[in-house]
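See below for the structure under consideration.
The values are calculated or read from the model by the stated rules, or taken from the named source; none is laboratory data. Being a predicted model, the structure only gives us computed values, none of them experimental. Heads up, the Cβs are rebuilt from the backbone with ideal geometry, glycines too, and the neighbour counts pull from every protein chain shown.
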């Protein structure tokens, strides 16, 4: 059955400029997609509302991201890994513990035949590398800072107006509109795609800390009665910390002096990483699971946080979004005809469904399992951790999480060229 016409489709239009793909949102995922399509012959327009070097750019702040090996290969294929790697810290071991209980699990990369499980990198480093390469990317036009207005998605094209910071207005049409504009996506709303939001009633506090000894490449995840604490190794010997706790507790912690906060963090995490002595600027953000009801609609596709925004408990959110971008670039670049056709978009959605669903269930399950206060669940949880610690097959399965939970693995994620 043919799709119904938009009531605006009969309205006379000014003649717009045309592109094949318009990416709305130039954060880490949107910028990666644009760079992936560079030089493929696809005409790309990238629109971002905040300049990449602005202190207000939320995608490139001091938070850190744990990149799996598949993500490392994608960045290698995009030609940016050499720059990113200079500030990357290898994760050579993972230590998971349940505070106040006996459950513990340990993984070492060497036991799985890899140099590292992944790499921890400040977001600003990733963003800077991507945007440096976008400045001369073939076939990619960039509008920043700029916003999109008058969005009208028809059966033939998506029409919109790009408004620059100087007030210039540019009427544009695209065969494919990509929503890469985050968990509160305006493109998703304009496309009529609903999103469910589950509030975890937690706030994450992120900060860089330095201790009395350099890290040895171990990443820690410690589950506490008030929320998980992640301690990730950084280049230079320090740690990136993410402390998730109830909003009221977070407000109290953010009001503390640096020394008082370090004392609270030390008491909650323990001494496995040594004594914390210095801390950088603290940032906080609420934790919610946002999940779009669909990832495609007429002439529209959602990637990254616009499709699913996850709890950072397992560090999988950006890795999942980057696989979205890598496979979409492959599908679009290889399209024989209309890059925004219903057939092509549904093929992409079907291919990404297993990975997306698996990562969402895995992450959400961890939050609920380790946040549960149900009598007896703590004992079962700790027995499960010990069983995992003694099971090589289970460890091998977890070590492969960064490759995804199903569906085709993007060529870039396998170390293969896009074309």
| remark: Over the stretch 140-169, the set of residues within 30 Å of residue 82 (Cα to Cα) and out of contact with any strand residue (DSSP E or B) (no Cβ under 6 Å at 6 or more places or on another chain) is 144, 145
| request: Output yes when any residue across the stretch 120-142 is in a loop (DSSP other than H, G, I, E, B), surrounded by 20 or more Cβ atoms within 10 Å (Cβ to Cβ) and at pLDDT 95 or above, and no when none is. | output: yes
| request: Return yes or no: is residue 213 surrounded by fewer than 19 Cβ atoms within 10 Å (Cβ to Cβ) and free of Cβ contacts under 8 Å to residues at least 24 places away in the same chain? | output: no
| query | Going by the conditions given, is residue 304 in contact (Cβ under 8 Å) with a residue 60 or more places away in the chain, in contact with a helix residue (DSSP H, G or I) (Cβ under 7 Å, 6 or more places away or on another chain), surrounded by 22 or more Cβ atoms within 10 Å (Cβ to Cβ) and at positive phi? | reply | yes
| field | Search result, residues across the stretch 299-317 that are in contact with a strand residue (DSSP E or B) (Cβ under 6 Å, 6 or more places away or on another chain), part of a helix (DSSP H, G or I) and at pLDDT 95 or above | value | 306
| said: Kindly evaluate residue 187 against the criterion of being in contact with a helix residue (DSSP H, G or I) (Cβ under 6 Å, 6 or more places away or on another chain) and either under 30 Å from residue 94 (Cβ atoms) or not in a strand (DSSP E or B) (or both). | reply: no
| query | Residues in the stretch 157-165: is at least one under 25 Å from the mean Cα position of the chain (by Cα), in a strand (DSSP E or B), farther than 17 Å from residue 267 by Cα and at pLDDT 95 or above? | reply | no
| message | For the structure I just gave you, tell me whether residue 355 is part of a helix (DSSP H, G or I) and either at pLDDT below 95 or surrounded by fewer than 18 Cβ atoms within 10 Å (Cβ to Cβ) (or both). | response | yes
